[in-house]
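Undergrad: Okay, handing you the structure first.
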Ligand code: NAP
């Protein structure tokens, strides 16, 4: 059930309640965060949904500064307004829980636990302690230090009946989105002001993730890597699932190389069915897979995982996605192709360019990596700073230069760009990286990172759902999403 928390001044709270009545299942009046409790009866009167009263003390993340006795007295006094639920912190006295129950027998109690520093390893033990107090719902909100904590919380909640479990912090966001899938009983959200970090605004939950459609049969897909915050994958995939009537949701969360092992052990217990893989994992994740598609194996980089035959199988859709986008402008057969970078994306693009008949030169900041990759693929390679050629037909930037907001300079100076060349930049963060800006000024044909992204994402969807569909149908839609997100 979607709980919309209300706080602030009377007039603002009233506005929030009116909106919450249309968008949520329950309204939580945060008694410690409302400016003035003298209007509480009126505010409650505006609520058309069941109401939770929460008077959170400072040590549990709220703003009620009185002592335990004062908190108990205030709660008992306010319960005379007959809310449907009351949130009582797990460390309130057992005698207080009993007093509330006997005085208000119809009232449902939410027994809550908060940890603002970590997600404890022993969530089951904490729950057993909480269960010494009788309640309808047991709520555990803990701080996620990494996405692994959130996955652990999701697994924990999935195995319970009467629990609402969620993580705070940026890495906790997925526990909120995925809560209906693990049957977490309450998901806290807000209209215009968060009451805890990691909460997602109610309209975002619905418009992007189609939260009200999610259920225990929903399959989970996700982007993993580090960083993932700039990716538009969640906008794109969820929109396509909606159009194709697929009961799936796509989220993104950060994952580093040292977390991969634990990640695989946790996802076994959750209905994940596919992953998009980004830097720095593309070349490393393969060693944790039982099956790798021969093409991805040859490329040596995996950007897609699909759950097939009870195993995770690795694929590469970057290679064909990028080359399809570039070849929409210029076939590479017999052309001089210069690739900047020697990471996962470079590997895929170089491989596919060679497959399609291009004459490839790989240039990288770390020269040995360029040489090593070139040797493996059977092409030329060298240092980025020792530009050895005087012409090219296609230039592909696959370094992460251009990803940062501060708009770093192109690795290639304008005088080295030729007007008849095609210039592609894999970077997605800005519509026009400095490289593409210079290339356009020089009269080159430019291909944006999102054009590759669109095609590789569509290929992922085809793999995951075993359907093929007309790519063109979605290219325009993805372009619009991209422009909306980045052209601000
Ligand atoms: P990666 O494996 O980490 O490789 C990063 C590459 O960038 C390496 O060659 C690295 O050189 C180089 N690099 C980083 N900082 C540099 C700097 N300051 N100067 C020069 N070179 C620098 O990453 P990846 O997975 O290949 O991804 C690379 C980029 O492609 C990212 O921006 C990613 O978002 C983008 N990408 C886009 C799409 C899409 O669909 N549009 C798909 C995949 C990737 P060293 O070897 O010297 O460290």
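None of the figures in this text is laboratory data; all of them are computed from the coordinates on show. Quick caveat, the model's predicted, so the values are computed rather than measured. Reconstructed Cβ throughout: ideal geometry from the backbone, glycine too, with neighbour counts over all protein chains shown.
Undergrad: Looking only at Cα atoms, what is the convex hull volume of region 410-488 per residue, in Å³?
TA: About 105 Å³ per residue, rounded to a whole number.
Undergrad: Using the C-alpha gyration tensor of region 252-326, what are the square roots of 5 times its eigenvalues, in whole angstrom, with the largest one first?
TA: Whole-Å semi-axes of the equivalent ellipsoid: 21, 14, 12.
Undergrad: For region 317-383, what size does the Cα cloud have along each of its three principal axes, sorted from largest down, in whole Å?
TA: Between the extreme Cα coordinates on each principal axis of region 317-383 lie 32, 23, 17 Å.
Undergrad: Which value in Å does the Kirkwood hydrodynamic radius of region 341-488 take, with 1/r averaged over all unlike C-alpha pairs and then inverted?
TA: Evaluated on region 341-488, it is 16.4 Å.
Undergrad: Run the numbers for residue 15 and residue 288: contour at 0.36 nm per residue of separation, minus the present Cα-Cα distance, in nm.
TA: This chain segment gains 93.2 nm when fully extended.
Undergrad: Same structure again: At q = 0.14, 0.16, 0.22 Å⁻¹, what log₁₀ I(q)/I(0) does a Debye calculation on the Cα points of region 166-308 give, no solvent, two decimals?
TA: For region 166-308, the Cα-only Debye profile gives -0.69, -0.89, -1.52.
Undergrad: Tell me, what is the FRET efficiency for residue 95 and residue 331 to the nearest 0.05, using R0 = 51 angstrom and their Cβ-Cβ distance as r?
TA: 0.05
Undergrad: Okay, next question. If you count, for each residue, the other Cβ atoms within 10 Å and average over each peptide, how do 468-478, 9-19 line up from highest to lowest?
TA: Output ranking for 468-478, 9-19: 9-19, 468-478.
Undergrad: Per the Kirkwood formula on distinct C-alpha pairs, the Rh of region 126-182 is how many angstrom?
TA: The answer is 11.4 Å.
Undergrad: Give, to the nearest whole percent, the P(r) tail of region 281-321 beyond 12 angstrom, counting all Cα pairs. Present the calculation step by step, with values, prior to reporting the outcome.
TA: Details: 399 of 820 pairs.
In whole percent, the share of Cα-Cα pairs in region 281-321 beyond 12 Å is 49.
Undergrad: Sticking with this one: Between residue 132 and residue 107, what length comes free when the chain is fully extended (0.36 nm per residue of separation minus the Cα-Cα distance, one decimal in nm)? Numbers along the way, then the final one.
TA: Details: separation 25, 0.36 × 25 = 9.00 nm, distance 1.82 nm.
Extra length from residue 132 to residue 107 when fully extended: 7.2 nm.
Undergrad: Quick one: grab Rg to one decimal and Dmax as a whole number for the chain, Cα atoms only, in Å.
TA: Values for the chain (Cα only, Rg and Dmax): 26.5, 86 Å.
Undergrad: If you don't mind, another one. If R0 is 45 Å, what FRET efficiency do you get for residue 258 and residue 390 from their C-beta distance, rounded to 0.05? Write out the running numbers ahead of the final one.
TA: Numbers: r = 43 Å, r/R0 = 0.97.
Approximately 0.55, to the nearest 0.05.
Undergrad: At R0 = 41 Å, how high is the FRET efficiency between residue 243 and residue 366 if r is their beta carbon distance? Nearest 0.05 is fine.
TA: Approximately 0.45, to the nearest 0.05.
Undergrad: So what's the angle, to the nearest 10 degrees on a 0 to 90 scale, between helix 449-465 and the longest Cα principal axis of the chain?
TA: Computed tilt is about 70 degrees.
Undergrad: Tell me, what is the percent relative contact order of the chain, built from C-alpha pairs under 8 Å that lie six or more residues apart?
TA: Relative contact order, the chain: 8 percent.
Undergrad: Which ordering of 464, 312 is given by a fewest-first count of other beta-carbon atoms within 10 Å?
TA: 312, 464
Undergrad: Based on a Kirkwood Rh over C-alpha pairs, give the Stokes-Einstein translational diffusion coefficient of region 151-199 at 20 °C and viscosity 1.002 mPa s in µm²/s.
TA: Calculated translational D: 199 µm²/s.
Undergrad: Describe numerically, in nm with one decimal, the distance between label points set 7 Å from Cα along Cα→Cβ at residue 476 and at residue 48.
TA: Calculated label separation equals 3.8 nm.
Undergrad: Calculate how steeply helix 318-327 sits against the longest principal axis of the alpha-carbon atoms of the chain, using the helix alpha-carbon long axis, and give the answer as 0 to 90 degrees to the nearest 10.
TA: Once rounded, one gets 60 degrees.
Undergrad: Translational diffusion coefficient of region 294-416 at 20 °C, 1.002 mPa s, Stokes-Einstein with Kirkwood Rh over Cα pairs, in µm²/s as a whole number.
TA: Result for D is 142 µm²/s.
Undergrad: Same structure, new question: To the nearest 10 degrees, how steep is helix 367-377 against the longest Cα principal axis of the chain, on a 0 to 90 scale?
TA: For 367-377 against the chain, the angle is about 70 degrees.
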